[in-house]
Amino acid sequence: MTTLLQSFIGGRWIGAQPAQALRSAINGETVAHTHAEALDFGEAVDYARRVGLPGLLALDFQQRAARLKALAKYLGERKEELYAISAHTGATRVDGWIDIEGGSGTLFSYANVGAGELPSGNLIHEGPALNLGKKGLFGGTHILVPRGGLAVHINAFNFPIWGLLEKFAPSFLAGMPCIGKPATATSYLTEAMVRIVNESGILPAGALQLVIGSTGDLLDRLDGRDVVTFTGSADTAAKLRVHPNVVRHSIPFNAEADSLNCAILAPEVTPDDEEFDLFVKEVAREMTVKAGQKCTAIRRAIVPRQHLDAVAERIAARLAKVVVGDPSVEGVKMGALASHAQQADVAERVALLRQDAEVVYGGGAGFAPVGEGTANGAFFQPTLLLARNPLANSAVHDVEAFGPVSTLMPYDGVEEALQLAARGQGSLVCSLVTKSPETAATMVPALAALHGRVHVLDRESAPESTGHGSPLPVLKHGGPGRAGGGEELGGLRAVTHLLQRAAVQGSPTMLTAVTREYVRGGKVTETGVHPFRRHFEEIQIGESLLTASRVIRDEDVHAFGHLTGDMFYMHFDDEAAKASPFGQRIAHGYLVLSDAAGLFVVAEPGPVLANYGLDTLRFVKPVAIGDSIQVRLTCKRKIDRNKKDANGNGQGVVAWDVEVKNQHGELVASYDILTLVAKKG
Ligand code: NDP
């Protein structure tokens, strides 16, 4: 590994003179030095704007998603290099997995979000368009576009790889070049990852720059096109949020700060229930994974008063089995804190907590981690505290010991449990361990007001639960109040947060042109060739076909009913149908749908390879026996996922707007059809 760390700015590695020594969390030996050279943040910002941005926007959402996928694979191939370095941060193999493979897994997940949910091009139409005039000549809709700026991501020390990648992935998809600033203490691992990313050659130049050390005047150089995201302490978040330049330019600032997450054992759970053990396991696991240095870890375990002793005993018994020490030693389950500064910080905070809480397990006396040289490492013994009067005690709800430390607290009644949860003043996550759906239905809405994520654990979900402490790429991460008030991750949401939303007004024809999505009422084109005879590249948005019309006959209704078994009275019973809101027998909606397909489908083999679904189907008006229907089929949207079939032939997705009207020109059915269409080449 490089012992002299370098920043990656303006397309080159900077740093030749050592500055701060960074020590191994395992044995205290120096593993790297930061560099002494001051960085020119003007150059970093200029490079992001001048080189990074055009390079990113030369690609579209789909192409960037493909790059993310390639990068995820590449990092996977070189993961062992990262595991080797990760050991210096005090991480066990499992801890490293969360950081390293959790990081590449997050890239994969966003690659899938991009490929599956984002359009071609660099504009998202957040429809449907609304009609704002009486004659359908003026409408409005929303679009999301790249902000045209860069993203500064400031990260915490606990996840040097995942921390940057989980922020990078959505910003890269959103078309923003990134400047990553890892926490100095573990920046040697982030630096190694950025070197690998750079060596991959997968990202356009300027897509990812790296700052080792201080951010200097970087935030002063940003403007309203940019965003800042932050993970770390609530104090630093509070400071950076009101940075004068951030405030002046209304620069979006997303914070994910420390929080005193809780787990609640529901009142109906008894020590004989599986849920009781699930609670005990979850608390013990959250205390020891990553040595408790997870922003989501359970800091407060809230249990029914009558079970306090039983819970304390069982958690203590589990903790006693956790071997702490050098993760390279066989049998070690918990490693060190990330740095000696953290070790001192956690000790200080535990001392504060102990003023009002007793020690159930741990506390440090006589603690000796296993492994050579570990006496000089940044280890901390798992420590379980007990606050007997938590409503009167504020330290247990305020002081976060960012290590293997949790406090038990008793409650009497659901209201009191919720009151205690609320004392955290907003957290990232809460677990409710219950066997009662009624308890879940009562408590979760109240907990949801205070938490970014609520994890309900019972014997049914346990075999597949991803656990209290794992933020998932597809679900929101971030909580209200003390947790920073931010939102990260959440699948597509994370990407749309980073785009600029604008309302657009105009005629349907203009809205179609802008959104690249056909808006009803807009001008259509008829080429004289059936659109299903044309290849993907040839089909134009707004290209349309008006079919012949067809009468829905009584014998069709009977035949359809007998074929499908759908003998609903509305289609067959004159008397009963007369008494219905429609006053007469009507055709099956699915018959109308099937007849519509019969009107526009082309029988012969052609470029349309498959019909793979319908969206937004509505039966708008009933179709009476003897009515006729006619269909307008219009190309609504095209998505090029750069996919090929088994023979290597290219194909794309075409969504068709389908309007089925009756003989009076009234809309009776409306939907989108999704087709796979072959490319010409
Ligand atoms: P900090 O808030 O001090 O640091 C977080 C990040 O912000 C680091 O990259 C740090 O860089 C950077 N930073 C600090 N000050 C500034 C500034 N003025 N301008 C720009 N960047 C700045 O947190 P720590 O890492 O010191 O951890 C302290 C506590 O934060 C922990 O004990 C824990 O309670 C909490 N924490 C919460 C986490 C979470 O995920 N919510 C994660 C980690 C910690 P540098 O390292 O160079 O100072």
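The values are calculated or read from the model by the stated rules, or taken from the named source; none is laboratory data. Source: prediction; values computed, not measured. Don't worry about glycine lacking a Cβ; one is built from the backbone with ideal geometry, like all the others, and counts go over all protein chains shown. Just so you know, the surface numbers come from the protein's heavy atoms only, side chains and all, with ligands and any DNA or RNA stripped out. Shrake-Rupley method; radii C 1.70, N 1.55, O 1.52, S 1.80 Å.
Screening the candidates Asp672, Asp595, Asp615, Asp657 for the property of being crowded, with 19+ Cβ neighbours inside 10 Å, in contact with a Leu (Cβ under 8 Å, 6 or more places away or on another chain) and of a type in the set (Asp, Glu) yields one hit, Asp657. Residue pairs whose Cβ atoms lie under 6 Å apart, separated by 6 or more positions or on different chains, with the first residue in region 50-79 and more than 24 Å from Lys643 (Cβ to Cβ) and the second in a helix (DSSP H, G or I), are Arg78/Ile196; Lys79/Ile100.
With respect to being at pLDDT below 95 and in contact with a strand residue (DSSP E or B) (Cβ under 9 Å, 6 or more places away or on another chain), Val269 falls outside the description. For region 216-228, name all the residues that are away from the ligand (no atom under 11 Å from the Cβ) and open to solvent by less than 10 Å² (accessible area, probe 1.4 Å). Scanning region 216-228 gives Leu222, Asp226, Val227.
It is to be established whether one or more residues within region 121-138 are within 16 Å of the ligand (Cβ to nearest atom) and either of a type in the set (Phe, Trp, Tyr) or buried (at least 20 other Cβ atoms within 10 Å of the Cβ) (or both). No: region 121-138 contains no residue that is within 16 Å of the ligand (Cβ to nearest atom) and either of a type in the set (Phe, Trp, Tyr) or buried (at least 20 other Cβ atoms within 10 Å of the Cβ) (or both).
Please enumerate the residues belonging to region 285-299 that are away from the ligand (no atom under 16 Å from the Cβ) and under 16 Å from Ser465 (Cα atoms). Steps first, answer last, please.
Step one: filter region 285-299 for residues away from the ligand (no atom under 16 Å from the Cβ), giving 285, 288.
Across region 285-299, the qualifying residue is only Arg285.
Here region 472-514 is the region considered, the condition is being polar (S, T, N, Q) and under 19 Å from the mean Cα position of the chain (by Cα), and the residue that is surrounded by the fewest Cβ atoms within 10 Å (Cβ to Cβ) is Gln500. Candidates are the residues of region 185-201 that are touching a Leu at 6+ places or on another chain (Cβ under 7 Å), among the small types (Gly, Ala, Ser) and within 17 Å of Leu107 (Cβ to Cβ); the one that is farthest from the ligand (Cβ to nearest atom) is Ser200.
Taking region 353-369 as the range and being under 14 Å from Leu337 (Cβ atoms) and surrounded by fewer than 18 Cβ atoms within 10 Å (Cβ to Cβ) as the test, the residues that pass are Gly364, Phe367.
Going residue by residue through region 576-586, is there one that turns out to be surrounded by 13 or more Cβ atoms within 10 Å (Cβ to Cβ) and either without any contact (Cβ under 8 Å) to a residue 24 or more places away in the chain or among the hydroxyl-bearing types (Ser, Thr, Tyr) (or both)? Yes, the conditions are met somewhere in region 576-586.
Listed by first and then second residue, the pairs linking a residue in region 223-244 that is over 14 Å from Ile179 (Cα atoms) to a residue that is part of a helix (DSSP H, G or I) and of a type in the set (Val, Ile, Thr), with Cβ atoms under 9 Å apart and 6 or more places separating them unless they lie on different chains, are Leu240/Val246; Arg241/Val247.
Residue selection: Gly377 satisfies the criterion of being more than 22 Å from Ser233 (Cβ to Cβ), surrounded by 23 or more Cβ atoms within 10 Å (Cβ to Cβ) and not hydrophobic (A, V, I, L, M, F, W, C). Summed over region 146-166, the residues that are open to solvent by 10 Å² or more (accessible area, probe 1.4 Å) and closer than 20 Å to Ala115 by Cβ give a count of 1. Checking the stated criteria, Leu319 turns out to be assigned to a helix (DSSP H, G or I) and either in contact with a Ser or Thr (Cβ under 8 Å, 6 or more places away or on another chain) or open to solvent by less than 10 Å² (accessible area, probe 1.4 Å) (or both).
Among the residues of region 99-112, is any within 16 Å of the ligand (Cβ to nearest atom) and over 29 Å from Ala25 (Cβ atoms)?
Initial filter on region 99-112 (within 16 Å of the ligand (Cβ to nearest atom)): 99, 102-103, 106.
Now restrict to residues that are over 29 Å from Ala25 (Cβ atoms): none.
Checked region 99-112: no residue is within 16 Å of the ligand (Cβ to nearest atom) and over 29 Å from Ala25 (Cβ atoms).
Can you confirm whether Val311 is away from the ligand (no atom under 16 Å from the Cβ), open to solvent by less than 10 Å² (accessible area, probe 1.4 Å) and not in a strand (DSSP E or B)? Spell out how you get there, then give the answer.
Values: away from the ligand (no atom under 16 Å from the Cβ): yes; open to solvent by less than 10 Å² (accessible area, probe 1.4 Å): yes; not in a strand (DSSP E or B): yes.
Yes: the conditions hold for Val311.
The single condition from (1) open to solvent by less than 20 Å² (accessible area, probe 1.4 Å); (2) away from the ligand (no atom under 16 Å from the Cβ) that Leu337 fails is (2).
A search for C-beta distances below 6 Å between a residue of region 153-175 that is farther than 21 Å from Leu218 by Cβ and any residue that is assigned to a helix (DSSP H, G or I) and within 14 Å of the ligand (Cβ to nearest atom), counting only pairs 6+ apart in sequence or on different chains, returns Phe159/Asp99; Ile161/Asp99; Trp162/Asp99; Trp162/Gly102. Among the residues of region 42-59, are any at pLDDT 95 or above, open to solvent by less than 50 Å² (accessible area, probe 1.4 Å), assigned to a loop (DSSP other than H, G, I, E, B) and over 19 Å from Arg195 (Cβ atoms)? The answer is yes, given that some residue of region 42-59 is at pLDDT 95 or above, open to solvent by less than 50 Å² (accessible area, probe 1.4 Å), assigned to a loop (DSSP other than H, G, I, E, B) and over 19 Å from Arg195 (Cβ atoms).
Among the helices (runs of 4 or more DSSP H) confined wholly to region 403-511, which include 3 or more residues that are free of Cβ contacts under 8 Å to residues at least 24 places away in the same chain? Talk me through it step by step, then tell me what you get.
Numbers: elements: 414-422, 437-448, 492-497.
In region 403-511, the matching helices (runs of 4 or more DSSP H) lie at 437-448.
Glu372 meets the conditions (1) of a type in the set (D, E, K, R); (2) open to solvent by less than 30 Å² (accessible area, probe 1.4 Å); (3) out of contact with any Leu (no Cβ under 8 Å at 6 or more places or on another chain) in every case but one. The failed one is (2). Each residue in region 153-184 was checked for being of a type in the set (Val, Ile, Thr) and more than 9 Å from the ligand (Cβ to nearest atom), and 2 pass.
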